[in-house]
1. Pairs only if they're at least six apart or on different chains, beta carbon under 7 angstrom, first in region 122-142 and at pLDDT below 90, second surrounded by fewer than 17 Cβ atoms within 10 Å (Cβ to Cβ) and among the hydrophobic types (A, V, I, L, M, F, W, C); list them, first residue then second.
2. Can you list residue pairs whose Cβ atoms sit under 7 Å apart, with the first residue in region 52-79 being open to solvent by 60 Å² or more (accessible area, probe 1.4 Å) and the second being part of a strand (DSSP E or B) and at pLDDT below 85? Count only pairs 6 or more apart in sequence or on different chains.
3. Those residues that are open to solvent by 30 Å² or more (accessible area, probe 1.4 Å) and acidic (Asp, Glu), I need them from region 105-160; list them, please.
4. Considering only residues that are part of a strand (DSSP E or B) and modelled with pLDDT under 85, look in region 183-213 and name the one that is surrounded by the most Cβ atoms within 10 Å (Cβ to Cβ).
Amino acid sequence: MLDRLRRHITILILLLLIPSVGKSQSAGQSDQPDQPRPLINVSTNLLYDVMFAPSIRVETGLGQRMSLSVSGTYGWNDGWLWNDKVRVLIADTEVRYWMNHQGAEVMRRGLYAGAYAALYRYDFLFGHKGQEAKVNWGVGLSCGYSLPVSRLFSFDFSIGIGYVGGKYKEYEPSDDNYQHNVWTADKIRHYFGPTRAEVALVWHIGKSKRVRK
């Protein structure tokens, strides 16, 4: 009889303690510092824009120090001022690690390092020698710095070094209008060195709101 009574009392005490433990845990969580919500950055590379190859990049945060971006560049034009023909189409994705984590300022300011992968399609004609590739690929590492100029805008300065590979064709134009080409060789590209450079104008979409963890 006494054993049964002790068992019931123990169960009752445990049931009374459970709500208090839950309240203490929730109170401890509310005391933790606020965490910034990931922002969305939309940017354009001014170096490509002035060469009539507009680009756009969309970037979003991944946790406290990481971000993921995708970008595209399109410049499929003839009649360039400094050469006969430059056509380029680029798509890439990049993961960045931000060195200086400053709460809501992540993706707004400071140094970062990144790794990227890209696909290239191009057609370059210099004088009477041209190169054309349907698809080349590349991987590389980047580093950069984001300099804010206001709450909504900043400038990104970055450079990337990596490898570009894939098949391409060499050709010569057969008429003065560059409408017909004569293929002269099939080659494979193996290039290692600078593969990208950016002076980007960045627009920060959304507010620097904070949510409780």
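The values are calculated or read from the model by the stated rules, or taken from the named source; none is laboratory data. Here the structure is a predicted model, which means the values were calculated and not measured. Cβ placement follows ideal geometry from the backbone for every residue including glycine, while neighbour counts extend to all protein chains displayed. Calculation scope for accessible area: heavy atoms of the full protein, side chains included, ligands and nucleic acids excluded. Shrake-Rupley method; radii C 1.70, N 1.55, O 1.52, S 1.80 Å.
1. Close Cβ pairs satisfying both conditions: GLY130/PHE124.
2. The qualifying pairs are PHE52/ASN77; LEU68/LEU62; ASP78/LYS85.
3. GLU105, GLU132
4. Of region 183-213, the ones part of a strand (DSSP E or B) are 183-205, 210-211.
Checking which are modelled with pLDDT under 85 leaves us with 210-211.
Details: ARG210: 13, VAL211: 8.
It comes out as ARG210.
A quick yes/no check of all residues on (1) at pLDDT 60 or above; (2) more than 30 Å from GLU132 (Cα to Cα); (3) of a type in the set (D, E, K, R):
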{"position": "PRO19", "(1), (2), (3)": "no, yes, no"}
{"position": "LYS23", "(1), (2), (3)": "no, yes, yes"}
{"position": "PRO36", "(1), (2), (3)": "no, yes, no"}
{"position": "VAL58", "(1), (2), (3)": "yes, no, no"}
{"position": "LEU62", "(1), (2), (3)": "yes, yes, no"}
{"position": "MET66", "(1), (2), (3)": "yes, yes, no"}
{"position": "ALA91", "(1), (2), (3)": "yes, no, no"}
{"position": "ARG96", "(1), (2), (3)": "yes, yes, yes"}
{"position": "MET99", "(1), (2), (3)": "yes, yes, no"}
